[in-house]
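Asker: Take a look at this one; I'll ask things after.
Nothing in this text is a laboratory measurement; each read-out follows from the coordinates by a stated rule. As the structure is a computational prediction, the values presented were derived from the model and not from experiment. Ideal geometry is used to build each Cβ from the backbone, glycine not excepted, and the neighbour counts take in all protein chains shown.
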Amino acid sequence: MDIGEVAKASGLPASTLRYYEEKGLIKSYGRNGLRRLFHANVLERLALISLGRNAGFSLEEIYEMFTPDGPVINRMLLTEKANDLDQKIKEMTAMRDGLLHAAVCKAPNHFECPKFLRLLSIAGQNRVRQPSKLKKGLK
């Protein structure tokens with residue numbers, strides 16, 4: 001498959017495919033003129049990359065799981081990501097519930113509503129927590 005066919009089949013722009021190749025996540029086996037050529041199994045690898053990205057894995061974490069013999073899954077890292085997702089689900093559920101309440105709240109001012117104030121508190125905690133996660137990832 002040439003890079004245009006892979007782009008069309010995967011839904012990813014050719015620039016992303018070139019970037020993934022530069023990072024060692026996928027590999028072309030040659031060229032047809034200026035177009036890179038890939039084996040059809042690159043689509044499976046791209047699907048795995050997409051799954052990992054959607055689950056919150058960095059490209060570096062995904063790269064570490066790829067070996068010439070196929071993916072090697074870090075089970076401890078999977079558990080950590082699953083726990084992170086559980087926490088996000090709890091936070092998003094609380095935010096959804098707060099927004100739904102705010103939409104029908106009878107308080108004359110949302111700042112007088114205890115449920116709305118809890119929603120603001122959750123949003124504030126998430127904002128404060130984000131930089132520490134970034135710092136942790138940079139170490």
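Asker: How many angstrom lie between the Cα centre of segment 11-46 and the Cα centre of segment 65-116?
Answerer: Rounded to whole Å, the Cα centres lie 33 Å apart.
Asker: Can you put Leu77, Leu34 in order of Cβ neighbours within 10 angstrom, beginning with the fewest? Walk me through the numbers before you get to the answer.
Answerer: On the way: Leu77 13, Leu34 7.
Arranged by neighbour count, lowest to highest, Leu77, Leu34 become Leu34, Leu77.
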